[in-house]
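Participant: Structure below; questions to follow.
The values are calculated or read from the model by the stated rules, or taken from the named source; none is laboratory data. No experiment lies behind these values; they were computed from the predicted model shown. All Cβ positions, even for glycine, are placed from backbone atoms using ideal geometry, and neighbour counts span all protein chains on display.
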Amino acid sequence: MEEKKEALRRAASESSLAGSILREKLAKLDSKKPRPYGTIHAANEVYSEAGIVGFWKGVIPALILVCNPSIQFMIYESSLKRLKARSAKKQGGITALEEELVKAFISLAEKNKKVVSNLRN
């Protein structure tokens, strides 16, 4: 849209179009609704602004954010597995309280890790 306006201005300055004709054409362009972006258009825009690297910006922070809960879940599952093995020896099952304590311990450890990492920065 902006390119068309700029082309009209250039043409007006080169061919001495009347100011009212130029204003009419610019108003006509402003009244048109822009076409919505599509996937191809967005990809072309990203590529023209940042090149091929633009497609990969933000991948590392996203992977870090995904990694943290997956580690927490792995620790929770292994702790629960050990707790089930111990309770099997006692001929009893895991109580809901024991399971909630494991969850609380894992989340507490995770919060402490975040506090320590914030203090380092």
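Participant: Please go through segment 42-77 and pick out each residue that is among the polar types (S, T, N, Q) and at pLDDT 80 or above.
Facilitator: If we filter segment 42-77 for residues that are among the polar types (S, T, N, Q), which is where we start, we get 44, 48, 68, 70, 72.
Correct list: Asn44, Ser48.
Participant: Looking only at segment 85-98, which residues are assigned to a helix (DSSP H, G or I) and more than 39 Å from the chain's Cα centre (by Cα)?
Facilitator: Pass one, segment 85-98, residues assigned to a helix (DSSP H, G or I): 85-89, 96-98.
Listed by number, the residues that qualify are Ala85, Arg86, Ser87, Ala88, Lys89.
Participant: Could you check segment 38-73 and list, in sequence order, the residues that are exposed (fewer than 10 other Cβ atoms within 10 Å of the Cβ) and among the hydroxyl-bearing types (Ser, Thr, Tyr)?
Facilitator: Within segment 38-73, Thr39, Ser48, Ser70 meet the criteria.
Quick grid of which residues meet (1) touching a residue at least 24 places away in the same chain (Cβ under 8 Å); (2) part of a helix (DSSP H, G or I):
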| residue | (1), (2) |
| --- | --- |
| Tyr37 | no, no |
| His41 | no, yes |
| Gly51 | no, yes |
| Pro69 | no, yes |
| Gln72 | yes, yes |
| Glu77 | no, yes |
| Leu83 | no, yes |
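Participant: What number of residues within segment 53-65 are within 30 Å of Glu110 (Cβ to Cβ) and assigned to a helix (DSSP H, G or I)?
Facilitator: So in segment 53-65, the residues within 30 Å of Glu110 (Cβ to Cβ) come out as 56-65.
Within this subset, residues satisfying the condition of being assigned to a helix (DSSP H, G or I) are 59-65.
Going through segment 53-65 one residue at a time, the tally reaches 7.
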